[in-house]
Amino acid sequence: MDQPKVAAVITLGCKLNLADSAEIGRQLQDRGFAVTDRLCEASAYVLNTCSVTHVADQKSRRLIRAARRISPGAIVTVTGCYPQTAGEARVLELGADLVVGTRDRDKDELVSFIGDRVSVPANAESTETTHTRAFVKAQEGCNDVCAFCIVPRTRHREESRSIERVVQEVREAVGRGVREAVITGTQLGAWGRDFDPPLAPHRLIGGILEQTDIARLRFSSLQPQDITPELLATWQDPRVMPHFHLALQSGSESVLQAMRRRYTAREFLEAVERIRGSVADVAITTDVIAGFPGETDADFEATLSLAREAGFSRIHAFPYSPRTGTVAMKLAGQVDAEVKKERMSRLLGLGDELAAEFRKAHEGTVRPVLWEQARMVEGRQYWHGYTDNYIPVYAAGGHLSNRITMTRLGALLHDGLSGETAG
């Protein structure tokens, strides 16, 4: 039996990109390709890029050049947000054979382009693999105009997928052995707003729970204004994981206003209180930008104070990055690079402190863990997985891949806790 041709699908950036890459990978598998997410020798590359910061732009450029260098004769296709900001001509100069947009029809064009140019043996070995988690896109695009954000330019206006389509994708994932579905979107709380009549996100969650057998369900990201009683009610189902990602960006009222966010610091904390009052043992993670134009020392201290009060289990911190075409790029009061660096250091330190406190509070408890893969930690092999409330856990012992076990959580280990399976 012939060996299949390799298609490398490499992803930079957000969970929405991961969902798009997963769809592309499945389509390529259906055409007989062996799909990998490693940057290696391949017959074809799908490079799903990011442009949220200038660093993301640099990574995208390096990735395109690297693919062309590793396999000079391969088909190199590029999608994601970077081509939307850099322009098609620039991406072609870097070595791409095809540049496409971020809509579903663009991805179909990409798969057809590769399939038409790379001959796959008719009797190639099957390349089916099982993953523990699937990223399922429910929505993309954003109608907001946050001052710092380039995404509305790269991901167009809001478009929601129907409940039926999302349910079908989750069912297909379950059929492949997936235990956890992560529902993703650019502005997930906007799901259903573009329907006639409009629908709210809790209807989507309810539809997935009622019509699929998925063992675990997560929502990738929400905003404070999305946290309604109806939405929180769906978290009473034990299959919905006690984990919320709420993007803060800043704890300063004046900076939030300058950012054009649609909530105040007080409203953010009220949303956190509603979540904690409804969902036991919940993890709340967040994004924070350091050094937004005009951010004073007092503004930054307000962010640190709010983060402590909210009790985040993880902080994703980013230095402000000017993006062409955004309002913030033209604002007065651009923060000095060294000041941004110092604020980033303090943010990351606080994030580590809060994460350790959250993990330590769960030492000795028993929680369900979905085990993913074996990893080497401190010179020893462990099975690695996540609790329902997203604590990384490491356990020694037998083969645990894609199993959900009740696990007693032990001491701090690496970026999580040690664990001992209880069944």
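The values are calculated or read from the model by the stated rules, or taken from the named source; none is laboratory data. Remember, predicted model here, so these are calculated numbers, not experimental data. Glycine also receives a Cβ, built like all others from the backbone with ideal geometry; neighbour counts cover every protein chain displayed.
When the residues of region 45-62 are filtered to those that are crowded, with 23+ Cβ neighbours inside 10 Å and either closer than 20 Å to Val6 by Cα or at pLDDT 95 or above (or both), the one that is farthest from the chain's Cα centre (by Cα) is Tyr45.
Restricting attention to region 303-323, the residues that are in contact with a Ser or Thr (Cβ under 7 Å, 6 or more places away or on another chain), assigned to a loop (DSSP other than H, G, I, E, B) and closer than 30 Å to Thr85 by Cα total 1. Given the condition among the hydrophobic types (A, V, I, L, M, F, W, C), touching a residue at least 12 places away in the same chain (Cβ under 8 Å), surrounded by 19 or more Cβ atoms within 10 Å (Cβ to Cβ) and under 16 Å from Arg216 (Cα atoms), answer yes or no: does some residue in region 386-409 qualify? Yes, some residue in region 386-409 is among the hydrophobic types (A, V, I, L, M, F, W, C), touching a residue at least 12 places away in the same chain (Cβ under 8 Å), surrounded by 19 or more Cβ atoms within 10 Å (Cβ to Cβ) and under 16 Å from Arg216 (Cα atoms).
Residues in region 112-131 that are modelled with pLDDT of 90 or more and touching a Lys or Arg at 6+ places or on another chain (Cβ under 9 Å) were compared, and the one that is farthest from Arg179 (Cα to Cα) is Val118.
Within region 344-382, the set of residues being surrounded by fewer than 18 Cβ atoms within 10 Å (Cβ to Cβ), modelled with pLDDT of 95 or more and of a type in the set (Val, Ile, Thr) comprises Thr365, Val366. Is it the case that Ala96 is out of contact with any Asp or Glu (no Cβ under 7 Å at 6 or more places or on another chain) and either touching a residue at least 24 places away in the same chain (Cβ under 8 Å) or in a strand (DSSP E or B) (or both)? When the stated conditions are applied, Ala96 passes them. Of all residues in region 234-254, none satisfies being touching a Gly at 6+ places or on another chain (Cβ under 9 Å) and either surrounded by 21 or more Cβ atoms within 10 Å (Cβ to Cβ) or not assigned by TED's automatic domain parsing to the domain that holds Val167 (or both).
Reported count of residues in region 363-385, each being assigned to a loop (DSSP other than H, G, I, E, B) and free of Cβ contacts under 8 Å to residues at least 40 places away in the same chain, is 2.
Do the conditions hold for Lys137, that is, is it in contact (Cβ under 8 Å) with a residue 24 or more places away in the chain, out of contact with any Lys or Arg (no Cβ under 8 Å at 6 or more places or on another chain) and buried (at least 21 other Cβ atoms within 10 Å of the Cβ)? Taking the combined requirement at face value, the residue does not satisfy it.
Let's see how each residue does on (1) outside the structural domain of Glu267 (by TED's automatic domain parsing); (2) over 30 Å from Arg276 (Cα atoms):
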| site | (1), (2) |
| --- | --- |
| Gln334 | no, yes |
| Gly349 | no, no |
| Asp352 | no, no |
| Gln373 | yes, yes |
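If only residues of region 173-196 that are of a type in the set (D, E, K, R) and without any contact (Cβ under 8 Å) to a residue 60 or more places away in the chain are counted, the one that is surrounded by the fewest Cβ atoms within 10 Å (Cβ to Cβ) is Asp196. Annotation note: of Ala310, Ala332, Ala271, Ala328, the sole residue that is aliphatic (A, V, I, L, M), crowded, with 21+ Cβ neighbours inside 10 Å and modelled with pLDDT under 95 is Ala328.
Please verify whether Phe358 is closer than 20 Å to Leu409 by Cβ and touching a residue at least 60 places away in the same chain (Cβ under 8 Å), treating the condition exactly as stated. Yes: the conditions hold for Phe358.
When every residue of region 340-354 is checked against the conditions, none turns out to be in a loop (DSSP other than H, G, I, E, B), closer than 15 Å to Ala283 by Cβ and touching a residue at least 40 places away in the same chain (Cβ under 8 Å).
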